[in-house]
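Quick note: the coordinates plus some simple rules give every number you see, no bench work behind them. This one's a predicted model, so the numbers in the text were calculated from it and none came from an experiment. All Cβ positions, glycine included, derive from the backbone under ideal geometry; neighbour counts span all protein chains shown.
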Amino acid sequence: MVLRKFLRTKPKFKIQEDDMTNFLVENYGSVNAAPIVKKGNIIPEKLKTQVIYRPNGKAKEYADLALNMYKNCKIGCIYCFAPNSTFVNRDFYFSCANPKKDVIAKVEEDAKWLSRFNNVPEIFLSFIGGPLST
């Protein structure tokens, strides 16, 4: 994330080694303290996943990745925003915990794909449908 910020602040011409060294010292205290990222092993912006996704809008401030395993929730919290954000009747939304079809298999496939990268952030569970809904 910090490196992406650095690259955006630099003009489109070739970045000099001194620029990168100064940036790493400024943000990490030393060049050696910076996280090691192998070339080509950075998680891409566009994910090839089925149920794990990148949140956008205000949700992005909570996590870089998220997973909603359920379409509904039976907890029924009075402050819950999910029925409104999914355009579902509140009574129906809280009537049952409705897991997404084949969600466990899809999470396993997504995890396998993500495991190829060395900078996978934590995955937020769950913006809609409580993880304790079962």
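Worth a mention:
- Residue-wise HN-Hα coupling along the stretch 62-71, computed from phi with Karplus coefficients 6.51, -1.76, 1.60 (Hz; x: Gly, Pro): 8, 6, 7, 10, 8, 8, 10, 7, 10, 8
- Net charge in the neighbourhood of Asn98 (other residues with Cβ under 10 Å of its Cβ; Lys, Arg +1, Asp, Glu -1) is +4.
- This ranking places Asp110, Asp91, Asp64, Asp102 by how few other beta-carbon atoms lie within 10 Å of each, fewest first, which gives Asp91, Asp102, Asp64, Asp110.
- With a cut-off of 12 Å between beta carbons, the residues surrounding Asn72 carry a summed charge of +3, where Lys and Arg count +1 and Asp and Glu -1.
- For q = 0.13, 0.17, 0.23 Å⁻¹, Debye-computed log10 I/I(0) when each Cα of the stretch 42-134 counts as one equal scatterer: -0.47, -0.77, -1.19
- Trypsin sites (Lys or Arg not before Pro) lying in DSSP loop within the stretch 54-99, provided at most 16 other Cβ fall within 10 Å: Lys74
- Taking 7 Å steps out from each Cα toward its Cβ at Asn89 and Ile43 produces label points 3.8 nm apart.
- Length gained on full extension, Ala105 to Val120: 3.5 nm, using 0.36 nm per residue less the C-alpha separation.
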